[in-house]
Amino acid sequence: MQNVTNSIGMRLRRIDPGAFTMGASSVPLPDELAGKPHRRNGDPDEHPSHRVRITTAFYVGVTQITNSQFEAFDPEHRHLRGKLGFSAEDDEAVVFVSWHEAIAYCGWLSRREGKTYRLPTEAEWEYACRAGTESHFHTGDSLPDVFLKNPQRSWYPDPARSRDDEIVSLRVGETPPNAWGLNDMHGNVEEWCSDWYGPYVGDAQTDPIGYASGDFRVTRGGSHGTELYYLRSANRSGALPDDRHWLIGFRVVLGEPPSTRPLGQPGQRFHQIVGSQAPRSRHESADDPVFLEPREYVRIAPGSEGPLFSHHNHDPAIVACDNGDLLAVWYTCVEEPGRELGQAASRLRADEDEWTPADVFWNAPDRNDHAPALWNDGKGTLCHFAGLSAAATWGNLATVLRRSSDHGATWTKARIIIPEHGIRHMPVQSVSRTRDGSILLPCDAVTGGSGGTALWISDDDGGTWRDAGGTIAGIHAGIVELSDGRLLAFGRSDNVDGWMPQSVSTDRGATWQVSASPFQPIGGGQRLVLLRLREGPLFFASFCRDMPLRDASGEARPVSGLFGALSFDEGVSWATRRLISDDGPGRTLGTTNGAPFTMSASEAEPRGYLAVCQDASGIVHLISSRLHYGFNLEWLRTLPPAL
């Protein structure tokens, strides 16, 4: 029997056993399909290609599950029809369904029909999609226009960058079927698969079912609002199983699941191997000035094309672990809006002087994983916050939280703490706890260079989160609680009378009073930091141009570049300022993406996104987009030598 129609009118096609080559084609992609040089051979997770044998026939849905089919199981889903403009009609693909909801649907349908319905394995999905082909699409090495629905990098639903024509029909069955009679295998909506996502192994496999566990469930097929490249037969995507948005739906398989054993987990990465488990201090004395030699923490081999990229490494976070290690995380990509953007990590162990080589830290497949933030909660736990895009760009981020109780060696599965994909959800590396125990998480409120920062607050140790409601002046804001309970923040852009904006809130972020700060404004490629030091004063770091700075002679001279400032009166004044430099003769170092700059007694790094933490010994660890600086309070208070 080649066709089955069940009691709710769902049509399924029989797929016979067979073998195929799974993964990237041996033929490089043409320029018009690859789009970018790093994609000519497909994504790294499509390699190595390998032979897969499917030994048992199964039936697969001719189309993706529709609204009417899903709502026979869950009538309440009707309230989500048309959300953000998508999928309002009975015969459109159902969206805004999580992996768990898709599994629940399969269970309901199995009970109703008395047969086993389930999600396809990733291998079954690609086998059925290819339908005997080895080309980039089941239509050949190009995809006809009829399959394409808004085939571009989308910022939707960012109101500043979206367009009306991004709302497209998700009606199923309108594209020509493949040779095995299946519609919509390229595009329309992504489809949940049963597998946990993980790297391919090179050996031939029989009825593979993926990994025993993981962070992401595989999705396949690509969707509307997606570049053509991501609609290929070999392309792999993935999402957190709790995520639900307008790009992902599913189709079902009828047939018993394979009895194959899952794969084990990959081995440890460099940054997962921690130093001593006993708490220790990197430097024992804070009585004398300490300035550590600047060192690179971004260590990625030249020519790396994924999942680590030598092209663009930026937007870091840093945390001091309780065992004395430092952990740094940043994003690595070719283009900041691209789907290839993931997060890398490196570790500086307490008993070593060199950061480990970079390795993958967090990388949702084919999702833009923007804006990492790290924080030590002071209770033995590290927290990792990240923006999780529905697709490309940071115009549609949800926010996730992971925790580690072993100095960052292992992490809990990510929990989505701000589930709606949109704006005001992009974490800023300035997480802190107030005196009454609330956690403050700043998030950029916009996708552009100006427009402000939102503040999210958790009053139950990260369990639930709420938007405080107000908007801090400037993006990428640093924030700190003052001794009287007010909140103080500085941001980039939205300048006041030519100066960096300063925002103060007396109502926990519901409203902000904005005024000019005493600091020069900063712009593209620059981010400030603000931190209360263990010793009490506030520490601020940013960038300047020809700022007067007093040296040991008592004379003021102009300096330019990265500087630090201290306030001993809760931000009223910032008289103590210091160029972040070794005060030596000029020498060349590298800033963002390796661009050269001169460090001297009058010049310091000219740009970079800053992140800061302080370890148990009092050393302040300040990183830019490439370099790690270390110094203590006494060094900041010491006047630089006269020229």
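The values are calculated or read from the model by the stated rules, or taken from the named source; none is laboratory data. These numbers come from a predicted model, not from an experiment. No Cβ is skipped: glycine too gets one built from the backbone with ideal geometry, and neighbour counts run over all protein chains shown. The protein model used for the area step is the full one, side chains on, heavy atoms only, and it has no ligands, DNA or RNA in it. Shrake-Rupley method; radii C 1.70, N 1.55, O 1.52, S 1.80 Å.
Values for this structure:
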read-out	value
In sequence order, calculated HN-Hα J values of the range 597-609 (Karplus, 6.51, -1.76, 1.60; Hz; x Gly/Pro)	8, 9, 9, 8, 5, 10, 10, 9, 3, x, 7, x, 8
Label-point separation, ARG550 to ASP203 (7 Å along Cα→Cβ), nm	7.1
Helix axis angle, 99-113 relative to the chain longest principal axis, alpha carbon, degrees	20
Neighbour net charge for ASP215 - beta-carbon separation under 12 angstrom, K R +1, D E -1	+2
Mean separation of Cα contacts under 8 Å, 6 or more apart, over the residue count of the range 295-382: relative contact order %	29
Helix-only [θ]222 nm of the chain, DSSP H runs n ≥ 4, -39500 (n - 2.57) each, per residue, nearest 500	-1500 deg cm²/dmol
Under-5 Å amide H pairs with HIS312, H placed in peptide plane, nonlocal only	CYS333
Other-chain or far-sequence residues with amide H under 5 Å of LEU341's (modelled H)	ASP369
Dipole moment magnitude, nearest 20 debye, the range 1-152 about Cα centre, only Lys, Arg, Asp, Glu C-beta charged	400
Karplus 3J(HN,Hα) series, Hz, for the range 230-242 with 6.51 cos²θ - 1.76 cosθ + 1.60 (x for Gly, Pro)	8, 9, 5, 4, 7, 5, 10, 10, x, 8, 4, x, 8
Under-5 Å amide H pairs with GLN205, H placed in peptide plane, nonlocal only	ARG51, VAL52, ARG53
The chain - percent relative contact order, Cα under 8 Å, separation 6 or more	10
Local electrostatic count at ALA611 - Lys and Arg +1, Asp and Glu -1, tallied over other residues with Cβ under 9 Å	0
Prolate/oblate/rounded call for the range 338-483, Cα gyration tensor, a/c under 1.5 rounded	oblate
Whole-number Å³ per residue for the convex hull built on Cα positions in the range 30-179	158
The range 423-505: relative contact order as a whole-number percent, Cα under 8 Å and 6+ apart	23
Probe 1.4 Å, accessible area per residue of the chain, Å²	36
The range 419-502: C-alpha gyration tensor shape, a/c 1.5 cut-off, then a/b vs b/c	oblate
Rounded to the nearest 20 debye, dipole of the range 69-118 from Cβ charges on Lys, Arg, Asp, Glu	260
Kirkwood hydrodynamic radius (C-alpha pairs) into Stokes-Einstein, the chain, 10 °C and 1.306 mPa s, D in µm²/s	61
J(HN,Hα) series, the range 118-131, from Karplus relation 6.51 cos²θ - 1.76 cosθ + 1.60, nearest Hz, glycine and proline x	7, 7, x, 5, 4, 5, 4, 4, 5, 4, 5, 5, 5, 6
Listed residue (LEU292, HIS311, PHE361) projecting farthest to the positive dipole end of the range 261-381, Cβ model	PHE361
Descending semi-axes in whole angstrom, ellipsoid equivalent of the range 141-280, from the Cα gyration tensor	33, 23, 13
Charge dipole magnitude, Cβ of K and R +1, D and E -1 - the chain, Cα centre, debye nearest 20	620
Accessible-area composition of the chain, carbon plus sulfur, in percent [1.4 Å probe]	49
Order by protection proxy (mean Cβ within 10 Å, highest first), peptides 288-294, 535-541	535-541, 288-294
Local net charge near GLU293, Cβ-Cβ under 12 Å (Lys/Arg +1, Asp/Glu -1)	-2
